[in-house]
Amino acid sequence: MHPMKITKVETVYDGFYKLRKLTLNNGQQELVRERFEPGQAVAALVYDTNTKEYIFVRQYRIGAESEVVEIPAGMLDKSGESAEDALRREIQEELGYEVDRLEHIVKMFPSPGGSAEQIDVYYAEVSRQTGAGGGVVDENENITIVRLGWETLLQTELRDAKSLLAVQWRQLQLSK
């Protein structure tokens, strides 16, 4: 087995996201693959320590072609913003909460077969809602806040990988 080496990278599309064509060589042959590059994202399973509820968002997602219930998430700004700062900003924008505590769960590739996207997933505790949430109008976000008790959360159909991962992580933490 020979190690893969990238020999050429071409930008095929440069819009809201990027698509690149990569030429690879495995020591015996050249291969051409496309890679979707949405950027670096952050997400958090948010728990309100006052109400004892988990706070999710419901919003339309183009990949699912429907509304999806998921943990709050967003992209890092291009300004060199840290993952934790980006997450605090996203939780404020989407839920209206200040973050009391963050715990990093994992940095993951949700679909490494064709995407370079990386997501830092966290557990966040909140207790102070200082804004309305609902997203940023300039970003065309139309977000509904969804509050779930633990038992209801366990019965809620989640179809989003980062949300499933975070909830399963929490189940493991609570079972210890």
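No lab work stands behind these numbers, since they all come straight from the coordinates. Here the structure is a predicted model, which is why all the values come from computation and not from measurement. Heads up, the Cβs are rebuilt from the backbone with ideal geometry, glycines too, and the neighbour counts pull from every protein chain shown.
Hydrodynamic analysis of the chain uses the Kirkwood radius over alpha carbon pairs. Inserted into Stokes-Einstein at 37 °C and 0.692 mPa s, it gives a translational diffusion coefficient of 185 µm²/s.
Roughly how big is the chain's charge dipole about its Cα centre, with Cβ charges of +1 (Lys, Arg) and -1 (Asp, Glu), in debye to the nearest 20? Could you put the intermediate results ahead of the total?
Working: 21 positive and 29 negative charges, 141 e Å.
Here the size comes out at about 680 debye.
I need the peptides 38-47, 17-26 ranked by packing, meaning the mean over residues of other C-beta atoms within 10 angstrom, with the highest value on top.
38-47, 17-26
Rounded to the nearest 500, the 222 nm mean residue ellipticity of the chain from helices alone is -6000 deg cm²/dmol, with -39,500 (n - 2.57) taken per DSSP H run of at least 4 residues. Multiplying the residue separation of E157 and E81 by 0.36 nm and subtracting their alpha-carbon distance yields 24.1 nm. Close amide H contacts of E117 (hydrogens built in the peptide plane, cut-off under 5 Å, sequence separation of 5 or more or a different chain): G39. Largest first, the three principal axis extents of the alpha carbons in region 9-63 are 59, 26, 16 Å in whole numbers.
Considering only alpha-carbon pairs that sit under 8 angstrom and 6 or more positions apart, the relative contact order computed for the chain is 22 percent. Largest GNM mean-square fluctuation among G113, G96, G63, using the chain with Cα springs under 10 Å: G63.
For Q40, the shell of other residues with beta-carbons less than 11 Å away shows a net charge of -3, using +1 for Lys and Arg and -1 for Asp and Glu. Pairs of C-alpha atoms in region 85-172 farther apart than 16 Å represent 63 percent of all such pairs.
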